[in-house]
Amino acid sequence: MRYPLSHLACAVLLFSTCAYGDEKYEERWPNGQPKVTGFKNDKGQKVGEWITYYDNGQVEWKKHHKDGKAHGEWIAYYESGQVYIQLPWKNGKLHGERIEYYENGQVKYKEHYKDSKQHGEWTSHHENGQVMLKHQWKDGQWHGEWISYDKQGNVTKRGLYENGNHISGDDWGPICKLPPSPQ
């Protein structure tokens, strides 16, 4: 008897999941909706995709793990289903472009990480989509030009930093409180 190729692919996928000893993990809300789903390896570490849900069944987070560490893209959602934040992980460290959104879908923050340290361009936006603040990071320290803008896109402040030290222009140090980075 011949089996379609799709049956063979499913059998290979099922075997590869079982061969690594991954065990399905699941929690449910009191209303029966799934709360958390994922897999653990034979050491009890999270592996593969983990999904958490709001009690109404909407996805809250999609997270990827490798040997118990955050690895791959993590995406959080507003209860409406709109993407809230995208986090890039590599072996347990933030690595790549992190993007946070307003509930209306406009970008709120864009920043880059290298081994869990802010590195490269960082921008924050007004809810209307206009850039609010643009600056640079180097190995977790303020480095380069900082520029802030009003909601119409006009420059309101400008300063320069080098290796975390204010060099010239406006100084954000005493007033600038950046959002904490998720860990």
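Values as computed for the structure displayed
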quantity: Length added when fully stretched, ASP171-SER116, from 0.36 nm per residue minus Cα-Cα; calculated: 17.3 nm
quantity: Under 17 Å from the Cα of LYS69 - aspartates and glutamates, other chains or at least 8 residues apart; calculated: ASP22, GLU23, ASP42, GLU49, ASP115
quantity: Sequence-distant residues sharing a close amide H with LYS35 (under 5 Å, placed H); calculated: GLU27, ARG28, TRP29
quantity: Entries in LYS40/LYS114; LYS46/LYS108; LYS40/LYS117 that, when Cα-Cα distance is taken, lie over 32 Å; calculated: none
quantity: Residue-span extension gain [ASP55 to LYS93] - 0.36 nm each, minus C-alpha spacing; calculated: 10.7 nm
quantity: Added length on full extension, which subtracts the Cα-Cα distance from 0.36 nm per residue, ASN163 to VAL83; calculated: 25.5 nm
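None of the figures in this text is laboratory data; all of them are computed from the coordinates on show. Just so you know, these numbers come straight off a predicted model, no measurement behind them.
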